[in-house]
Amino acid sequence: MSDECLACDLMEGRTPLPGGNLLRTQLWVVEHCVGPLGLGAVVVKPVRHVVHVADLTAQESMELGPLLQKVSAAVTDVTAPEQVYVCLWSHAGGVPGHIHFVVQPAGAEDMARFDAFGPALQVAMGEARCFPPAVEVERVCHRLREALSSSSAGG
């Protein structure tokens with residue numbers, strides 16, 4: 001854990017997290033994204049404070065691929081997007097921070113609304129600063145939790 005780490009603060013309950021933990025293994029945690037990336041966007045991050053992918057342990061690395069697949073499948077089942085983006089984010093204020101993989105549903109409605117897709121869609125959503133209401137996050141998290149618990153793949 002590190003001083004002033006939002007990822008750690010969310011994981012440890014020091015900062016409010018709508019929807020709570022969706023899934024937690026010994027090494028990884030899955031939570032709804034607190035940023036403006038839309039309803040159903042989740043974060044997969046190591047429980048341990050890790051700043052670089054190169055610093056993941058062999059065990060963390062072995063669990064990551066199946067877990068990302070499992071989470072992507074749950075996001076697909078719950079949100080029915082055109083595509084699910086999976087990307088690494090790790091900077092806060094230009095300084096490398098606690099790594100986290102964003103698993104984001106990219107739907108036709110958002111792509112049309114922002115006239116963008118891929119990284120440009122993420123930038124446009126970030127600039128618009130449209131955060132989903134907590135009640136909607138709680139609702140989608142309930143559905144994601146069910147999808148994750150019924151899945152036998154990964155994690």
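The values are calculated or read from the model by the stated rules, or taken from the named source; none is laboratory data. Only a predicted model underlies this, so the values are computations on that prediction, with no experimental measurement involved. Here Cβ is always computed from backbone atoms with ideal geometry, including for glycine, and neighbour counts include all displayed protein chains. For the accessible areas, the whole protein counts, side chains as well, though only heavy atoms, and no ligand, DNA or RNA atoms are used. Shrake-Rupley method; radii C 1.70, N 1.55, O 1.52, S 1.80 Å.
Structure values in brief
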read-out	value
FRET efficiency, residue 134 to residue 51 (Cβ-Cβ, R0 41 Å, nearest 0.05)	0.90
Residues whose placed amide H lies under 5 Å from that of residue 106, excluding near-sequence neighbours	82, 83, 84, 85
Alpha-carbon spread of the range 80-122, three principal axes, descending order, Å	32, 19, 10
Dimensionless Rg over Rh [the range 107-155; C-alpha; Kirkwood]	1.11
Relative contact order, percent, the chain [alpha-carbon distance under 8 Å, six or more residues apart]	31 percent
Net charge of neighbours whose Cβ lies under 13 Å from the Cβ of residue 109, counting Lys and Arg as +1 and Asp and Glu as -1	-2
For the chain, average projected area of the Cα convex hull in nm²	8.7 nm²
In sequence order, calculated HN-Hα J values of the range 20-30 (Karplus, 6.51, -1.76, 1.60; Hz; x Gly/Pro)	x, 5, 8, 7, 9, 10, 4, 10, 9, 10, 10
Environment charge at residue 25 (Cβ cut-off 11 Å; Lys +1, Arg +1, Asp -1, Glu -1)	0
Built amide H within the under 5 Å cut-off of residue 29, gap 5+	45, 47
Accessible-area composition of the chain, carbon plus sulfur, in percent [1.4 Å probe]	55 percent
Accessible area per residue, Å², the chain with all protein chains present, probe 1.4 Å	52 Å²
Helical segments meeting 30 Å axial Cα length and Kyte-Doolittle -1.0 threshold in the chain (DSSP H)	58-79
Farthest toward positive dipole pole in the range 1-137 [+1 Lys/Arg, -1 Asp/Glu at C-beta], among 64, 26, 41	26
Set of the range 36-60 residues, backbone N closer than 13 Å to the point 7 Å along the Cα-Cβ line of residue 143	39-41
No Cys partner within the rule (Cβ under 4.7 Å), the chain	33, 87, 130, 141
For the chain, built as a Gaussian network whose Cα springs stay under 10 Å, the top-fluctuating residue of 14, 24, 145	14
